[in-house]
Amino acid sequence: MIRKLCLLLLLVDCTTGFAQQNLFNIPSADITPKNKFFYQHQLNVYTNKVESKSHLVYGLGKGWDAGLNLVGKGAYFTPEWNGLYNSDAGRGSLYPVLMVTLQKQIPLFKKVNLNVGTQMGLNLSNKVHNKKINYFNYALASYQIGEGRRIVAGGYLSNRMFTGTGNVAGALIGFEYKLTKHFYLMGDWVSGRNDAGVGVLGGMFVLSKRIQLCGGYAIANPNTPKPNAFVFELNWLGWDYH
């Protein structure tokens, strides 16, 4: 039943200043404006499966935002269609996971901000005793080089339920670089030998004032469980982007 539900969620989701809540895999150090929403949907396409991530965020004001993440849903498409699902911590990270998010931005200098946030929730399991607390805490400093040009760096602390075998703490690095009014280069990297350890390089196209399309290629860190993948993102803003 859970596997069928995961596949259904994947199919449903696929039909629906700088505004990205995430670059590709790390927070972008942005805060959603007060009383506005931001939705991001990401697809990672591997040779035998597709993995889906959904982020819905609402601006609380005074440098705060909060939201929901649904991470790790998706489906194998070879040798047959089957929903992604794991409730056994002995087999690596648990998925899919529904998480609440909370983030605060603290201005440090004219062009430097500090973002501190947490993502915490439970894996979607049929059995109560298989449900485990998953969390991903982070701190990121961002430096605004110029209009549409920024670098971010910081660190994370998670647990094995979320990142699987390997380290549970590491570094986060990312950048965005505006080329034209509609095109941006961007990339990020998560250190570690775990399910989260990957680097992505790609770009973004501003389709309209409220829709952005992103794509890139993910290269897994050495000795990590996941292979390389193509990454696609859709960003939907609840306000006009300028």
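The values are calculated or read from the model by the stated rules, or taken from the named source; none is laboratory data. Owing to the predicted nature of the structure, the values given are computational and were not obtained by experimental measurement. As a convention, Cβ positions derive from the backbone with ideal geometry for all residues, glycine included, and neighbour counts pool all protein chains shown.
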Which count do you get for residues in the range 149-172 that are modelled with pLDDT of 95 or more and among the β-branched types (V, I, T)?
3
Could you count how many residues in the range 68-101 are of a type outside the set (G, A, S), surrounded by fewer than 22 Cβ atoms within 10 Å (Cβ to Cβ) and over 16 Å from the mean Cα position of the chain (by Cα)?
11
Can you name every residue in the range 158-185 that is over 14 Å from the mean Cα position of the chain (by Cα), under 17 Å from Q144 (Cα atoms) and part of a strand (DSSP E or B)?
F175, E176, Y177, K178, Y184, L185
Say whether the condition of being modelled with pLDDT of 95 or more and either assigned to a strand (DSSP E or B) or in contact with a Cys (Cβ under 9 Å, 6 or more places away or on another chain) (or both) is met by at least one residue in the range 126-134.
yes
For the range 41-53, what are the residues that are in contact with a Ser or Thr (Cβ under 9 Å, 6 or more places away or on another chain) and either among the basic types (K, R) or modelled with pLDDT under 95 (or both)?
T47, N48, K49
Sole exception among (1) more than 29 Å from F109 (Cα to Cα); (2) of a type in the set (D, E, K, R); (3) touching an Asp or Glu at 6+ places or on another chain (Cβ under 8 Å) for D195, by number
(3)
Residues located in the range 1-27, provided they are more than 19 Å from K209 (Cα to Cα), part of a loop (DSSP other than H, G, I, E, B), of a type outside the set (A, V, I, L, M, F, W, C) and at pLDDT 65 or above:
N25
Per the list (1) more than 26 Å from Q105 (Cβ to Cβ); (2) at pLDDT below 95, residue check on F230 breaks on (2)
Of residues in the range 205-224 being of a type outside the set (V, I, T) and in contact with a Gly (Cβ under 6 Å, 6 or more places away or on another chain), the one farthest from P33 (Cα to Cα):
N221
